[in-house]
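Below is one structure, written out as structure tokens, with a few remarks after it.
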Amino acid sequence: MVWEVQLTAPEGAEEACSDILTAAGSQGSVMEWLPEDNAPVRVKGFFPDDIHHEQVKLHLLLLFAASSLAIPFETIHWRHIPDQDWTESWKKEIRPFPVGHRFLIRPSWWPPEDSD
């Protein structure tokens, strides 16, 4: 299992938030741009299961305070993610999509669709 930490980044501070998560011990981060206009960006960091949870929370609080980023600590959400085959699990989010009326982009792992 891993710990996922999710926060909403202030506009233009996505990279800084990712850097702070890395400084606190994150083994990687992801930025999610939401489809709505002017939507905030979610930044997620991933920590090993064996971390000292409270120490990392405190470390994050101190790092964000020192950076002067306006991120309320109560908006930082933690959740445990069960182990999975990460090399395969990302594929379920990628689906075929049409381009125009006669062209379909299809990932190689999806079965072919009937078409003319």
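The values are calculated or read from the model by the stated rules, or taken from the named source; none is laboratory data. In this text the structure is predicted, and so the values were computed from the model without any measurement. Reconstructed Cβ throughout: ideal geometry from the backbone, glycine too, with neighbour counts over all protein chains shown. With ligands, DNA and RNA removed, areas are computed over all heavy atoms of the protein, side chains included. Shrake-Rupley method; radii C 1.70, N 1.55, O 1.52, S 1.80 Å.
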Hey, any hits in the stretch 60-79 for a residue that's farther than 16 Å from residue 8 by Cα, among the polar types (S, T, N, Q) and open to solvent by 70 Å² or more (accessible area, probe 1.4 Å)?
-> no
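Could you tell me whether residue 24 is open to solvent by less than 60 Å² (accessible area, probe 1.4 Å), among the small types (Gly, Ala, Ser) and either modelled with pLDDT under 85 or in contact with a Lys or Arg (Cβ under 8 Å, 6 or more places away or on another chain) (or both)?
Answer is no for this residue.
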Has the stretch 8-30 got any residue that is hydrophobic (A, V, I, L, M, F, W, C), touching a residue at least 12 places away in the same chain (Cβ under 8 Å) and assigned to a loop (DSSP other than H, G, I, E, B)?
-> yes
Strands (runs of 3 or more DSSP E) wholly in the stretch 57-116 with at least 1 residues that are touching a Pro at 6+ places or on another chain (Cβ under 6 Å) - which ones?
-> 103-105
Hey, residue 90 hits all of (1) out of contact with any Asp or Glu (no Cβ under 7 Å at 6 or more places or on another chain); (2) closer than 22 Å to residue 7 by Cβ; (3) open to solvent by 50 Å² or more (accessible area, probe 1.4 Å); (4) touching a residue at least 24 places away in the same chain (Cβ under 8 Å) but one; which does it fall short on?
-> (4)
